[in-house]
Amino acid sequence: MKVTISRFDPATGEPPKFVEYDVSVKDSARVLNVLDAVHDTIDPEFAYRHCCRGGQCGSCAVRVNGEPVLACMQEAREGDIIEPLELPRIRDLVTDIAPVMAQMAWMNSGCDCTPVTQQEIEEMKPLRECIECYSCISSCPAIAASDYKGPTIMRQEQRLNLDPRDKGDRILEAIDKGLFSCTTCHKCVEVCPKEIETPRKAIEKLRAEAAKRGLSLPAHKALASLIEKTGRSIERKEPTFLERVPDVIEPEGEVRATVGFFVGCMFNGRVIQPALDAMEVLRKNGIRVIIPKDQVCCGSPLIRTGLCGFIPELQKRNIDAFVKAGVDTVLTICAGCGSTLKNDYDTPFRVVDITEFLCELGFEIPEKVEGTYTYHDPCHLLRGQGISEQPRILLNSVAEKFVEMPARCCGAGGGVKSGLPEQAAAIGAVRAEMVKETGADYIVTVCPFCEFHLHQVTGLPVKNIATLMLEGYRKQEKKIN
């Protein structure tokens, strides 16, 4: 098997370099077996960490083809590129984890230790699964852009916060370590070998307790007040989407399906045209759209920032609106709204993203639209809903040229753009460089927050996938006529 490994020896004064190795390993060998083979048969000075070989100690975490993995658990493949985690480097694949370990909180018990209840044990249990491999620290887009100490630090703060034996003020400590810098992109969950839900089970919980103590960021408090007052996170400055459309939009020709449409705040009040474009795309594909006018904010901005007091009311109003409309499928075009309705609601109807639904039902192939396009995966679509392939199917059907780009958070989520705009811009600047490398003329996405933020940080036109498809359909109509 041939693999490429990043090598680095500070004693030489030379920069890191990639070296290709050809080693013999058994079928189904793990990456760690490959590293052993390099060390044992080619270069005994090759440095890497390992210990338990059973996925329990976290020592052997490295990046394989750009993604953090445990070397002892990841099956090796021909052509793998193996690098250290994105942490300060000591030598070869060995990184300096001491600065991260120094940030870890430890039990601060008092003399009057309170017994731990079974319920508290169950709450703490998922947070105790961490093996401190620091894959999440290596992958977190917020760390490089701020003083944020990272997901595993927040996980530990919440674990201790839940433990009645601990006497430390873990809320103030978490805020000091950057609690509000997390974009809740869920990259940490994606790379975690134990699949710990740090954003939902730690960060959002810590933010909720901070909110109860009046410690939320001023911008987040203002947003919560607006939602409670108006039912929307966006102030009305012009006629909204809901004010412009009828209760029912009939399709062109035969009715192939009927859906309810959840518009979301951004598409309702700030970037309205993509929502109108989506209605035309659905019409052209034989889909009847029912639009309850009494729907309100899904509550995502409140849940992500911890200001959850008004959430039950929003959930009830939205569920009642679509139940009354008599629909069994609710379609979204906003990644954040879709993720919230799927993961934070208990709905009596199915929730689908527009890309998911069109690919399931089948869609009319549009005419190709000129230009070079790249696609930005919204975090709440990719990791929040597990949707990656469908937007690319649609995009490849309409774009003259499509250039792939690795997924990475743009910085707009988790309340960071509203509460800490400079940090959001710094995360966005990294994404802007990745866009630049594609040479694309346009960015396509399925999230109004990403759309708004990416345009700011790149200066490029950013299109919703529905808008691009409609351009293709209109071009097709002109060609026929």
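For segment 103-151, the candidate set comprises residues that are among the hydroxyl-bearing types (Ser, Thr, Tyr) and closer than 24 Å to Phe180 by Cα; within that set, the residue that is surrounded by the most Cβ atoms within 10 Å (Cβ to Cβ) is Ser135. Does Ile203 satisfy the criteria of being in a helix (DSSP H, G or I), of a type in the set (A, V, I, L, M) and over 22 Å from the mean Cα position of the chain (by Cα)? The answer is no for Ile203. In this structure, does Gly306 turn out to be in contact with a Lys or Arg (Cβ under 6 Å, 6 or more places away or on another chain) and either of a type in the set (Gly, Ala, Ser) or open to solvent by 20 Å² or more (accessible area, probe 1.4 Å) (or both)? The answer is yes for Gly306. Residues of segment 404-417 that are in contact (Cβ under 8 Å) with a residue 40 or more places away in the chain and out of contact with any Leu (no Cβ under 6 Å at 6 or more places or on another chain): Pro406, Arg408, Cys409, Gly411, Ala412, Gly413, Gly414, Gly415, Val416. Close Cβ contacts (under 7 Å, 6 or more residues apart or on different chains) running from residues in segment 445-457 that are open to solvent by 40 Å² or more (accessible area, probe 1.4 Å) to residues that are among the charged types (D, E, K, R) and not in a helix (DSSP H, G or I) are absent. Only one of the listed residues (Ser216, Ser139) is in contact with an Asp or Glu (Cβ under 9 Å, 6 or more places away or on another chain) and of a type in the set (Gly, Ala, Ser). That residue is Ser139. Exactly one residue out of Thr374, Thr340, Thr347, Thr355 is over 25 Å from Lys479 (Cα atoms), among the β-branched types (Val, Ile, Thr) and not assigned by the TED database to the domain that holds Arg283, and it is Thr374. If the condition is being in a helix (DSSP H, G or I) and among the acidic types (Asp, Glu), then segment 102-157 contributes Glu120, Glu122, Glu123, Glu157.
Taking first residues from segment 218-246 that are in a loop (DSSP other than H, G, I, E, B) and partners that are basic (Lys, Arg) and modelled with pLDDT of 95 or more, the Cβ contacts under 8 Å between residues at least 6 apart in sequence or on separate chains come to Gly231/Arg317.
Please specify each residue of segment 20-49 satisfying the condition of being touching a helix residue (DSSP H, G or I) at 6+ places or on another chain (Cβ under 6 Å) and in a loop (DSSP other than H, G, I, E, B).
Val23, Val25, Phe46, Tyr48
Return yes when Ser109 is of a type in the set (Ser, Thr, Tyr) and at pLDDT 95 or above and no when it is not. No; evaluated as a whole, the condition is false for this residue.
Can you name every residue in segment 421-474 that is in a helix (DSSP H, G or I), of a type in the set (Val, Ile, Thr) and touching an Asp or Glu at 6+ places or on another chain (Cβ under 6 Å)? If the condition is that a residue be in a helix (DSSP H, G or I), of a type in the set (Val, Ile, Thr) and touching an Asp or Glu at 6+ places or on another chain (Cβ under 6 Å), then Thr467 is the only one that fits. Between a residue in segment 52-79 that is surrounded by fewer than 19 Cβ atoms within 10 Å (Cβ to Cβ) and any residue that is part of a strand (DSSP E or B), which pairs come within a Cβ distance under 6 Å, given they are 6 or more apart or on different chains? Correct list of pairs: Gly55/Leu70; Asn65/Ile81. Pairs are defined by a Cβ separation below 8 Å, a sequence spacing of at least 6 or placement on different chains, a first member in segment 322-347 that is modelled with pLDDT of 95 or more and among the acidic types (Asp, Glu), and a second member that is surrounded by fewer than 24 Cβ atoms within 10 Å (Cβ to Cβ) and not in a helix (DSSP H, G or I); the pairs so defined are Asp328/Phe349; Asp328/Arg350. Residues that are outside any strand (DSSP E or B), open to solvent by 40 Å² or more (accessible area, probe 1.4 Å), in contact with a Gly (Cβ under 9 Å, 6 or more places away or on another chain) and closer than 23 Å to Gly66 by Cα are absent from segment 338-359 altogether. One residue stands out in segment 30-57 among those that are small (Gly, Ala, Ser) and over 31 Å from the mean Cα position of the chain (by Cα): the one that is nearest to Cys72 (Cα to Cα), namely Ala37. In segment 1-30, the residues that are open to solvent by 70 Å² or more (accessible area, probe 1.4 Å) and modelled with pLDDT of 95 or more form Cβ pairs under 7 Å with partners that are not in a strand (DSSP E or B) and not hydrophobic (A, V, I, L, M, F, W, C), at six or more places apart or across chains, as follows: Lys2/Glu78; Lys2/Gly79; Arg30/Gln74. Pairs linking a residue in segment 252-268 that is assigned to a loop (DSSP other than H, G, I, E, B) to a residue that is among the aliphatic types (A, V, I, L, M), with Cβ atoms under 6 Å and 6 or more positions apart or on different chains, are Val263/Ala275.
Is there a residue in segment 180-194 that is touching a Gly at 6+ places or on another chain (Cβ under 7 Å), assigned by the TED database to the domain that holds Thr117, without any contact (Cβ under 8 Å) to a residue 60 or more places away in the chain and part of a loop (DSSP other than H, G, I, E, B)? No, the conditions are met nowhere in segment 180-194. When Glu364, Glu400 are screened for being at negative phi, in a strand (DSSP E or B) and not polar (S, T, N, Q), only Glu400 passes.
Within segment 366-396, being over 14 Å from Glu356 (Cα atoms), surrounded by fewer than 18 Cβ atoms within 10 Å (Cβ to Cβ) and not acidic (Asp, Glu) holds for Lys368, Gly371, Thr372, Asn396.
The values are calculated or read from the model by the stated rules, or taken from the named source; none is laboratory data. Quick caveat, the model's predicted, so the values are computed rather than measured. Cβ atoms come from the backbone with ideal geometry, glycine included; neighbour counts cover every protein chain shown. The protein model used for the area step is the full one, side chains on, heavy atoms only, and it has no ligands, DNA or RNA in it. Shrake-Rupley method; radii C 1.70, N 1.55, O 1.52, S 1.80 Å.
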